[in-house]
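What follows is calculated from the coordinates using simple rules that are stated; it is not laboratory data. Remember, predicted model here, so these are calculated numbers, not experimental data. Ideal geometry is used to build each Cβ from the backbone, glycine not excepted, and the neighbour counts take in all protein chains shown.
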Amino acid sequence: MSEYPNEPRLIVDPCVIVPEDLLKPSVCEPQAAQALQSMARTEDIRFSKDGKMLAVLGFAKQSIAMFEIDWTNDQACKGMRIKRHVSIVSDSFVNPHGIDFIYDKRFVVASRSGGAEVYELPTNVPWGNTMPLMPTAVIDKISEDDAVHTPGSVAVIPEEGGSV
């Protein structure tokens, strides 16, 4: 038994904590809870810019569990609620290690044994299933003298003028 009875089970980001109660079927649709529990080794987790998606990067399974979420102040369930999910696979995921959202449905994935690629969720997501996805762009150089080798973490930082 933990010294802290209300200790969180999953730390999402340095400032966001997801309590263990979130994985209960009443709060998290059962298939999404099962997908999250079957991820094995994970490496990174990020919220979309609009806070409506949560991506969990599966290093061991070479996949991403993408969850559609909402935030509620309902008395029965306060906080984040997982609504539905899709498992994303790509031949470009080779030991995926870092993920961040560029925009609400566009994200970048860095693979330890590959490179860094940009992906975009289609409008017709097959929720509850596995979806193969191809990169829309490949990031292979940071500058003319520097190629991207074994990338790990990745962060999207907005710049003045709206570029990232």
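A few points about this structure:
- In this rough spin-label picture, where each label sits 7 Å from Cα along the Cβ direction, the residue 73-residue 60 distance is 4.0 nm.
- Sites residue 130 and residue 160, calculated FRET efficiency, Cβ-Cβ separation with R0 30 Å, nearest 0.05: 0.15
- Among the chymotrypsin sites (Phe, Trp or Tyr not before Pro) found in the range 53-142, those both in a DSSP coil and sparsely packed, with 12 or fewer other Cβ atoms within 10 Å of their Cβ, are 103.
- Amide H contacts under 5 Å for residue 137: 118, restricted to partners 5 or more places along the chain or on a different chain, H placed in the peptide plane at 1.01 Å from N.
- Couplings 3J(HN,Hα) for the range 42-47, derived from phi with the Karplus relation 6.51 cos²θ - 1.76 cosθ + 1.60 (θ = phi - 60°), are 10, 10, 8, 8, 8, 8 Hz, where x marks Gly and Pro.
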